[in-house]
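The values are calculated or read from the model by the stated rules, or taken from the named source; none is laboratory data. Note that the structure is a prediction, hence the values are computed from the model and not measured. Positions of Cβ are generated from backbone atoms using ideal geometry, with glycine treated the same way; all protein chains shown enter the neighbour counts.
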Amino acid sequence: MHDFRYVGNKLYCEGVSIESLAKNHGTPLYVYSQATLTRRFLELDRAMSPVDHLVCFAMKSNSNQSILRTIANLGGGFDIVSGGELQRVIAAGGDAKKCVFAGVGKTDAEIEFALRKGVYSFNAESEPELQRINKVAARLKKIAPVAVRLNPNVDAKTHAKITTGTYENKFGIAFEDIAGVYARASKLKHLRLRGLQMHIGSQLTDVKPFELAVKKVVPVVEALKAQHGIEFFSIGGGVGIVYQDAIASGDAKWWAQEGENILTPQKYAARLLPLLKNLGLRILMEPGRYISGNSGILVTRVEYVKRTGKKNFVIVDGAMNDLIRPAFYDAYHEIVPLTKKGGVTISSDVVGPVCESGDYFCKDRELPKVGEGDYLALLSAGAYGFVMASCYNTRSLAAEVLVSGKKSAVVRARQPVKDIWAGESVAAWLK
Ligand code: LLP
């Protein structure tokens, strides 16, 4: 079920015409559905309900204040990766005590801030980091709750840039080294060994790698519980979503139907819970994309259509600076017009105005024939969309709108162009 659908020939987000939003607020424009966001969170939360659990939304996927507040209101926690993200959670009314702090490069200042705010756990990625957390905690006369990120060395079989659970990448501590690391960490007086964490990668569409990793790690978790009294096991994030055929010819098909060969929370829980339920531990999850991905779209306007001998280029006002995933990961985002077009399609490259040949949203894709002034939507852009945006080419950050039923609100104003260089100055000797 999804909340972006055609009503007549107009694309709607819940009860709001997206074209009206584009006309009122301009483009490029991110539009989010609160209903989809809520449903996605609750689906995972309910699937995990047979065990004591906490869903910590990976806010790196979408950290808009309204998105965070929606998750906080549903009782969710947050997977954070910087002091800045913790500040955002607090600003949005979230609870620091439901935050797990991940990342390989936490600074002294970030550790101190997180300790003062009382995060649930630091997910440490190296021994030097454990020593550093211990030192900062000692200075503040505090005990820091920590978990170690275990690298299970299981190939998630996802895109190379988003696989994290093998020894080829920088994350976590090797499976074989874990027992020794916990033994040494248990001697550090300002640490409390609270849990164990793992994460094998992102956009996994098969449950198998999750199952393999959990199976491999459960005996380690049991041993750590017996030896060090750990309380939680975080199985990370990574649950994949449907990017293709999200809206096929007007038929709602945002999420796979029952029986289709795709990962669902039900399948995920059915395969993992039997492995987890007898541990007697709290199970944490860190999903980002599953919750936010299909909840958002990027709306863009066609500026020009340019035909060369070989190609039909649709030049739009959105670009790689607004949504970098196609350029960076060769990611597929379905592209549909806000006003449904008749049968004729044409092989098209949808490209932005940025001066890079990598600035494209799709290549050689059969799309309805569009012209200047038409609006297009890039679907499934709610995760790793706006958060990865930049001001490259001195293009301001897009506006963001949240929809709930028939209501809509601008939840981030379009960045005024002058704000892009607001922190800059001309060196005195140049004046
Ligand atoms: N936990 C940890 C430790 C992570 O590193 C990540 C994602 C997550 C949870 C959330 O993963 P998710 O449930 O969203 O798959 N920018 C890339 C994705 C990078 C993912 C980084 N880590 C993209 O656009 O596909």
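From Glu372, Glu356, which residue is away from the ligand (no atom under 16 Å from the Cβ), part of a loop (DSSP other than H, G, I, E, B), over 21 Å from Glu400 (Cβ atoms) and under 26 Å from the mean Cα position of the chain (by Cα)?
Exactly one of Glu372, Glu356 is away from the ligand (no atom under 16 Å from the Cβ), part of a loop (DSSP other than H, G, I, E, B), over 21 Å from Glu400 (Cβ atoms) and under 26 Å from the mean Cα position of the chain (by Cα), namely Glu356.
Can you tell me which residue is surrounded by the fewest Cβ atoms within 10 Å (Cβ to Cβ) among those in segment 15-47 that are over 22 Å from Lys340 (Cβ atoms) and out of contact with any strand residue (DSSP E or B) (no Cβ under 8 Å at 6 or more places or on another chain)?
Ranking the candidates gives Arg46 first.
Would you confirm, using the coordinates I've provided, whether Ala47 is closer than 27 Å to Asp177 by Cα, in contact (Cβ under 8 Å) with a residue 12 or more places away in the chain and within 16 Å of the ligand (Cβ to nearest atom)? If you could, list the steps in order and put the result at the bottom.
Values: closer than 27 Å to Asp177 by Cα: no; in contact (Cβ under 8 Å) with a residue 12 or more places away in the chain: yes; within 16 Å of the ligand (Cβ to nearest atom): yes.
So Ala47 fails the test.
If Leu68 passes every condition in (1) surrounded by fewer than 24 Cβ atoms within 10 Å (Cβ to Cβ); (2) in contact with a Phe, Trp or Tyr (Cβ under 8 Å, 6 or more places away or on another chain); (3) closer than 18 Å to Gly195 by Cα but one, which one does it miss?
Failing condition for Leu68: (3).
(1) surrounded by fewer than 16 Cβ atoms within 10 Å (Cβ to Cβ); (2) in a loop (DSSP other than H, G, I, E, B); (3) at positive phi: which one isn't true of Asp364, the others all being true?
(2)
For segment 22-135, which fully contained helices (runs of 4 or more DSSP H) count at least 3 residues that are assigned by TED's automatic domain parsing to the domain that holds Ala147 and closer than 26 Å to Ala185 by Cβ?
Correct list: 83-91, 108-117.
Select from segment 248-272 the residues that are aliphatic (A, V, I, L, M), farther than 22 Å from Asn123 by Cβ and either modelled with pLDDT of 95 or more or under 21 Å from the mean Cα position of the chain (by Cα) (or both) and list them in ascending order.
Ala256, Ile262, Leu263, Ala269, Ala270
Can Glu231 be described as charged (D, E, K, R), under 30 Å from Ala144 (Cα atoms), more than 16 Å from the ligand (Cβ to nearest atom) and modelled with pLDDT of 95 or more?
Details: charged (D, E, K, R): yes; under 30 Å from Ala144 (Cα atoms): yes; more than 16 Å from the ligand (Cβ to nearest atom): yes; modelled with pLDDT of 95 or more: yes.
Answer is yes for this residue.
When the residues of segment 328-353 are filtered to those that are of a type in the set (D, E, K, R) and under 25 Å from the mean Cα position of the chain (by Cα), which remaining residue is farthest from the ligand (Cβ to nearest atom)? Talk me through it step by step, then tell me what you get.
Quick first cut of segment 328-353, residues of a type in the set (D, E, K, R) only: 330, 334, 340-341, 349.
Among the residues that remain, those that are also under 25 Å from the mean Cα position of the chain (by Cα) are: 330, 334.
On the way: Asp330: 11, Glu334: 15 Å.
Filtering segment 328-353 for residues that are of a type in the set (D, E, K, R) and under 25 Å from the mean Cα position of the chain (by Cα), the one farthest from the ligand (Cβ to nearest atom) comes out as Glu334.
Looking at segment 267-290, which of its residues are part of a helix (DSSP H, G or I), over 17 Å from Leu42 (Cα atoms) and either in contact with an Asp or Glu (Cβ under 8 Å, 6 or more places away or on another chain) or within 16 Å of the ligand (Cβ to nearest atom) (or both)?
Arg271, Leu272, Leu275, Leu279
Is it true that Asp374 is among the acidic types (Asp, Glu) and either in contact with a strand residue (DSSP E or B) (Cβ under 6 Å, 6 or more places away or on another chain) or over 22 Å from Asn294 (Cα atoms) (or both)?
For Asp374, the condition - among the acidic types (Asp, Glu) and either in contact with a strand residue (DSSP E or B) (Cβ under 6 Å, 6 or more places away or on another chain) or over 22 Å from Asn294 (Cα atoms) (or both) - is met.
Tell me whether segment 188-199 contains one or more residues that are within 12 Å of the ligand (Cβ to nearest atom), touching a Cys at 6+ places or on another chain (Cβ under 7 Å), modelled with pLDDT of 95 or more and more than 26 Å from Ala389 (Cβ to Cβ).
Taking every residue of segment 188-199 in turn, none turns out to be within 12 Å of the ligand (Cβ to nearest atom), touching a Cys at 6+ places or on another chain (Cβ under 7 Å), modelled with pLDDT of 95 or more and more than 26 Å from Ala389 (Cβ to Cβ).
Select, from Val81, Val89, the only residue that is within 26 Å of Leu323 (Cα to Cα), within 16 Å of the ligand (Cβ to nearest atom) and surrounded by 21 or more Cβ atoms within 10 Å (Cβ to Cβ). Reasoning before the result, please.
Working: Val81 fails: surrounded by 21 or more Cβ atoms within 10 Å (Cβ to Cβ).
Among Val81, Val89, only Val89 is within 26 Å of Leu323 (Cα to Cα), within 16 Å of the ligand (Cβ to nearest atom) and surrounded by 21 or more Cβ atoms within 10 Å (Cβ to Cβ).
Which one is nearest to Glu400 (Cα to Cα) among residues in segment 301-338 that are polar (S, T, N, Q) and out of contact with any strand residue (DSSP E or B) (no Cβ under 6 Å at 6 or more places or on another chain)?
Here is the first cut: in segment 301-338, the residues polar (S, T, N, Q) are 308, 312, 321.
If we keep only those that are out of contact with any strand residue (DSSP E or B) (no Cβ under 6 Å at 6 or more places or on another chain) too, we end up with 308, 321.
Numbers: Thr308: 34, Asn321: 15 Å.
Ranking the candidates gives Asn321 first.
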